[in-house]
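The values are calculated or read from the model by the stated rules, or taken from the named source; none is laboratory data. All values derive from a computational prediction rather than experimental measurement. Quick reminder, even Gly has a Cβ in these numbers, built from the backbone with ideal geometry, and neighbours come from all protein chains shown.
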């Protein structure tokens, strides 16, 4: 990033840029789906696992992630052709951030694991 210790302004700028790229709900979930379930993943497999995401939203988010070097898109010349998505090195590195967020959630949002915890809600 920056040689030496970054200052507050540099850190805030990097956080803002990171959130711009991967900071929405669907991007987080898409990255996790590809990383933890099956990689490379086909479009319809991702969509099925991330219900109720629409195909339009998934397409937009995957394109943005690919444009930013998080996801790699590969078109297979089969009959019929299909597209596979996998994480790049940058995407794999982002998984560490998402794991840390999940650990924070378990610690602070589910201190009593008797609660329903770890289930997606509000989608």
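Taking the condition without any contact (Cβ under 8 Å) to a residue 40 or more places away in the chain, assigned to a loop (DSSP other than H, G, I, E, B) and either more than 12 Å from the chain's Cα centre (by Cα) or more than 23 Å from residue 92 (Cβ to Cβ) (or both), does residue 63 pass?
The answer is no for residue 63.
Considering only residues that are surrounded by fewer than 18 Cβ atoms within 10 Å (Cβ to Cβ) and in contact with a helix residue (DSSP H, G or I) (Cβ under 6 Å, 6 or more places away or on another chain), which ones fall in segment 33-54?
49 - this is the single residue of segment 33-54 that is surrounded by fewer than 18 Cβ atoms within 10 Å (Cβ to Cβ) and in contact with a helix residue (DSSP H, G or I) (Cβ under 6 Å, 6 or more places away or on another chain).
Please verify whether segment 97-106 includes one or more residues that are within 12 Å of the chain's Cα centre (by Cα), closer than 18 Å to residue 27 by Cβ and modelled with pLDDT of 95 or more.
no
Taking segment 33-60, which residues are in a helix (DSSP H, G or I) and more than 12 Å from the chain's Cα centre (by Cα)?
Passing the criteria: 43, 44, 45, 47, 48, 49, 55, 56, 57, 59, 60.
Can you name the residue in segment 66-81 that is outside any loop (DSSP other than H, G, I, E, B) and over 13 Å from the mean Cα position of the chain (by Cα) and, of all such residues, is surrounded by the most Cβ atoms within 10 Å (Cβ to Cβ)?
73
If you scan segment 26-60, which residues turn out to be without any contact (Cβ under 8 Å) to a residue 40 or more places away in the chain and in contact with a strand residue (DSSP E or B) (Cβ under 6 Å, 6 or more places away or on another chain)?
Those that are without any contact (Cβ under 8 Å) to a residue 40 or more places away in the chain and in contact with a strand residue (DSSP E or B) (Cβ under 6 Å, 6 or more places away or on another chain): none in segment 26-60.
Which one of 4, 69 is touching a helix residue (DSSP H, G or I) at 6+ places or on another chain (Cβ under 9 Å) and at positive phi?
None of the other options fit; the residue is 69.
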